[in-house]
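The values are calculated or read from the model by the stated rules, or taken from the named source; none is laboratory data. Because the structure is a prediction, the values reported are computed rather than measured. Don't worry about glycine lacking a Cβ; one is built from the backbone with ideal geometry, like all the others, and counts go over all protein chains shown. Remember, those area values only see protein heavy atoms, side chains included, never the ligands or the DNA or RNA. Shrake-Rupley method; radii C 1.70, N 1.55, O 1.52, S 1.80 Å.
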Amino acid sequence: MRDKILYILALVGLVLVSWTLYKVWFVLPKQANVAAYQILYFHVPAAFTAFTGFFTALVMSGLYLKTGSLKYDALAAGVTEVAVVFASINLVTGMIWARYAWGIWWTWDARLTTMLTCWLIYAGYLILRRAIDEPTQRAKLSAFLSILGCVDVAFVYKSIEWFRTQHPSPVLSVRSGGGMGPGMEAPIYWNWLGLACIATVLIIIRMRQEEVAREIDSLRRAAHAY
Amino acid sequence: MDPREFQFVFAGFCAAWIIIVIYVLTLTSRNRRLRQELDRVRKMVEKR
């Protein structure tokens, strides 16, 4: 049953992403005012997926600190790992777009710098987890780092409003941008849904691995107890 | 779309998929490693 759900989610994700690709390439009119705007249809949904993951990890970390249950810590770790993958997609696609639109791969403006800081914090989170063997200590430190990371996520989100940046100002209507033509915005949300389905599948697979790792740990303890 | 713009858009889409594929391959190899380790530990417990 669990496998069936996994396959259905993966299929829904792939169909939605393929449908968006089709819309972007063959249906939507050309946005004359934005260069290589098609990259936006991966760049923005990848950021949304990453931020949803980081926020979920924050909630799970909070639940761990409240209850002390390692199950929440494992969930936070799994979600964070997958969210870092989508944050990487956001950074890389952004750099490719910048090279075309601005002629440079990178600039130290507020949005790009806060996003890179965010990526580094969560990459540090994953490295920290590998460095500490004691589960409770690892879970506590990871939870604090996850909370710190989420503060930076807020900065990333608001940076294009708070600072004058080279990064374009908000274009989505939900952020009072309105910079996209009619019908141009919906595929971004559909692609977000598609990527979220794929991310959920990856998180479920990651959680299964955590279960196996816990089983190995308990068997090892049992072996040493003899 | 001019050819140079197409190249960049194509590179952007490819980069996104390559990152996902690399992560899926990492997950697959970790899965295999964990299964092997689980079998090894199970055998060790059975022997004792």
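If only residues of the range A:20-58 that are at pLDDT below 85 and touching a helix residue (DSSP H, G or I) at 6+ places or on another chain (Cβ under 6 Å) are counted, the one that is nearest to the other protein chains (Cβ to nearest Cβ) is A:Ala36.
Among the residues of the range A:149-166, is there at least one that is in contact with a Phe, Trp or Tyr (Cβ under 7 Å, 6 or more places away or on another chain) and within 14 Å of chain B (Cβ to nearest Cβ)? No, the conditions are met nowhere in the range A:149-166. Scanning the range A:94-122 for residues that are open to solvent by 50 Å² or more (accessible area, probe 1.4 Å), within 14 Å of chain B (Cβ to nearest Cβ) and assigned to a helix (DSSP H, G or I) returns A:Met95, A:Arg99, A:Trp119. Please work out if A:Gly78 is within 23 Å of B:Ile22 (Cβ to Cβ), in a helix (DSSP H, G or I) and either hydroxyl-bearing (Ser, Thr, Tyr) or open to solvent by less than 10 Å² (accessible area, probe 1.4 Å) (or both). Yes, satisfied. Output yes when any residue across the range A:6-14 is of a type in the set (Gly, Ala, Ser), over 30 Å from B:Met1 (Cβ atoms) and away from chain B (no Cβ under 12 Å), and no when none is. No - not one qualifying residue is present in the range A:6-14.
Screening the range A:190-214 for residues that are out of contact with any Leu (no Cβ under 6 Å at 6 or more places or on another chain) and open to solvent by 70 Å² or more (accessible area, probe 1.4 Å) and picking the one that is farthest from the other protein chains (Cβ to nearest Cβ) gives A:Trp192.
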